[in-house]
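The block underneath contains the structure these notes are about, expressed in C-alpha cells.
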Amino acid sequence: MVDGLVERGAVSDPRVVEALRAVPRHVFVPAVSAEQAYEDRAVVTKFEDGRPSSSASQPSVVARMLDQLDVAPGHSVLEIGTGTGYNAALLAHLAGEEGRVVTVDIAPDLVESARQRLVRTAVAPVDVICGNGADGWAKGAPYDRIIVTAGSSDLALAWWEQLGPSGCLVVPLSLAGVQQCVAFGWTGDHLESQSVCDCGFMPLHGAMAHRDGHYPIPGHPGVAVDARPGLEVDVQAVARALSQPASVVDIGIRVTMAEVAGSLRRWLAFREPSQVRLGCTGPSEEVARSAVPDVLEIPLDESRRYRETTVLLGESGFAALDRTSRDEPGSSDPGGAWPLAARGFGAATSPTERLVDLVRSWDAAGRPATGAVRIAAYPGSDHPPVPTGGFVERADHTTFAVTT
C-alpha cells in the first residue's frame, strides 16, 4: 500500500511514509479482509438511515493530509473526528513520546472501539475524548496542530482559540457546495491557506456539521441532491426530469475521474450558483437501475454502492456530466481519460448549453489544479475585500475570501 502511495506521489514526507509503514491499518478496519484493508479506498464503518456516517478514510487522502499537517516530534496535536482511530495512531507515531495527541469524537461507540485499538497499536498514549468536536479540547490547548477528519463549512470558535501562534489547522472545507482539504496557518490576525488539495469526507456531526442541503428525490429510491447552503431545490421538478428521456451533447474533450471529481467540479461550483451533486446510494442493483449517470461510482460494502455526477439545475430540467461511451480505452480505469458529455434531463436546453460552455472554458484555461486555489479565513463577520476573480462566503464563525 505504502509503496503504491509513494509511486503515485500521494505522500512525500519521509516521516509520514514511516508512520504509514508502522501502523497496521487492518487492525482498524476488522470488518474487511486484510487485502481490502490495504487497498487505496475508504472503508465505510457505520451507516445511519441507509447513508454512510463514518469511515476509515482512503489512505492516499490520509497521507496527503498528514503531509499538509507537518507534525514534528514533540508537537501537541488535536484531532476532531476519531473514527476508527487509525489517523490518531499515525499522529501518535509522528508526535512521538514527547508529543501529545488528543482525539475527540461525538459517537460513544466509535470512541470506545478506537480507544481499545489505540492501546494495542499506538507508539505513544492518545487521549480519546467523547465530546463535540466544535468544542475542541481546551484542557490541552494551545495546540501546535489541529486536524479535522470530517467535512465542515465553518471553523469553530474553539479551533480559532485553541490553535497555537505558530500552529497549522487542516480541515476538509466545504465552500460553494464543494469540498477541499485546506492547511491554514496564521497571517497576523487571520488564517491563510498554505496548501489546498482535493478530498471527499462525510460531514461532521453536531454543531459543526456542514451547512450543505441534502434533498431526497421522491419516486427515485436512494437518489438525492446535495446543494450549497441557501440554494432552493425543487425536488418534484428533479423527479419529473429524471423520469423523462434524456438528450446527450458531446462536449468534445476527454477527462479523468480525478479531474471530474476535483478541478472541474470546483470550477463549475465557483462560477455557477445552480451547481449541485446528484447521487444515488443503495443496493448495487438499485444503483445500477438509477437514471443517475455513473461518472463516479464507488463500493460502500459488499452489497451497496454510491454513484454521483455534477449537475446544473434549471427551472424545469437539469444538465448532468456524463460519458459519451463506456467502451473507450480507459473508461473503466479510474486513472484513464474518457470522452465527456452533457446529458440533459427534462427541459434542459439552457443548463445544457451553460454546462458545455463552462466545461470548455475550464479546458481552455488549462484545467487549473486545485492547488492554485487560495483561501483566507477571518474570524467572525470581518469584511475582507472580494478577491479579483474570486468570491467571499460567510459562515457563522468565519468569513472566507476565495481566490480561484
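The values are calculated or read from the model by the stated rules, or taken from the named source; none is laboratory data. Predicted model, so just to flag it, every value in this text is computed and none were measured. Glycine gets a Cβ as well: all are built from the backbone with ideal geometry, and neighbour counts include every protein chain shown. Heads up: the accessible areas ignore ligands, DNA and RNA and are worked out on the full protein's heavy atoms, side chains in. Shrake-Rupley method; radii C 1.70, N 1.55, O 1.52, S 1.80 Å.
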Evaluated at 10 °C and 1.306 mPa s, the Stokes-Einstein D of region 236-389 based on the Kirkwood radius over Cα pairs, in µm²/s, stands at 95
Tell me which residues come under 5 Å, amide H to amide H, from residue 217 once H is placed; ignore anything under 5 positions away on its chain. 223, 224, 225
Would you calculate the separation in nanometres between label points at residue 286 and residue 243, each defined as 7 Å from the Cα along the Cα-to-beta-carbon direction? 1.8
Once you order the gyration tensor axes a ≥ b ≥ c over the Cα atoms, which shape class does region 211-251 get: rounded for a/c under 1.5, otherwise prolate or oblate by comparing a/b with b/c? oblate
Which of rounded, prolate or oblate describes region 1-137 when judged by the alpha-carbon gyration tensor and an a/c cut-off of 1.5? oblate
Under the definition of Cα pairs under 8 Å and six or more residues apart, what whole-number percent is the relative contact order of region 196-322? 22
Leaving out ligands, DNA and RNA, and with a 1.4 Å probe, what % of the accessible surface on region 91-158 is carbon or sulfur? 52
So what is the accessible area of the chain per residue, in Å², with the probe set to 1.4 Å? 42
The ³J(HN,Hα) series, computed from each phi in region 386-391 with the Karplus coefficients 6.51, -1.76 and 1.60 at θ = phi - 60°, rounded to the nearest Hz and given as x for glycine or proline, is 5, x, 4, x, x, 7
Scan around residue 155 for amide H atoms under 5 Å from its own, H built in the peptide plane at 1.01 Å from N, and keep only partners 5 or more places away or cross-chain. 397, 398
Relative to the longest principal Cα axis of the chain, at what angle does helix 86-95 sit, 0 to 90 degrees, rounded to 10? 50
Kirkwood hydrodynamic radius (C-alpha pairs) into Stokes-Einstein, region 1-50, 4 °C and 1.567 mPa s, D in µm²/s: 106
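Using just the helices of the chain, give the 222 nm mean residue ellipticity in deg cm²/dmol: DSSP H runs with n ≥ 4 each add -39,500 (n - 2.57), and the total is spread over all residues, rounded to 500.
-6500 deg cm²/dmol
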Once every Cα of region 77-221 carries one equal point scatterer and solvent is ignored, give the base-10 log of I(q)/I(0) from the Debye formula at q = 0.10, 0.17 Å⁻¹, two decimals. -0.34, -0.94
Mean separation of Cα pairs under 8 Å and 6+ residues apart, divided by the residue count of the chain: what relative contact order is that in percent? 11
Classify region 259-329 from the C-alpha gyration tensor, please: rounded if a/c falls under 1.5, else prolate or oblate depending on whether a/b exceeds b/c. prolate
For the chain, which cysteines have no second Cys with its Cβ under 4.7 Å from theirs? 130, 168, 197, 280
Counting only protein heavy atoms and a 1.4 Å probe, tell me what percentage of region 236-393's accessible area is made up of carbon and sulfur. 51
Of the accessible area of region 2-46, computed with a 1.4 Å probe and all protein chains kept, carbon and sulfur make up a percent value of 53
Run through the DSSP bridge list for region 104-238 and note the antiparallel percent, rounded to the nearest 5. 70
With everything on Cα atoms, drop me the angle between helix 59-69 and the longest principal axis of the chain, reported from 0 to 90° to the nearest 10. 60
Charge dipole (debye, nearest 20) of region 1-94; +1 at Cβ of Lys and Arg, -1 at Cβ of Asp and Glu: 120
Just to be sure I understand: of the beta bridges DSSP finds with both ends in the chain, what percent are antiparallel, rounded to 5? 80
If amide H atoms are modeled at 1.01 Å from N in the peptide plane, then the residues at a separation of 5 or more from residue 341, or on another chain, having amide H under 5 Å from its own are 251, 322, 323, 324
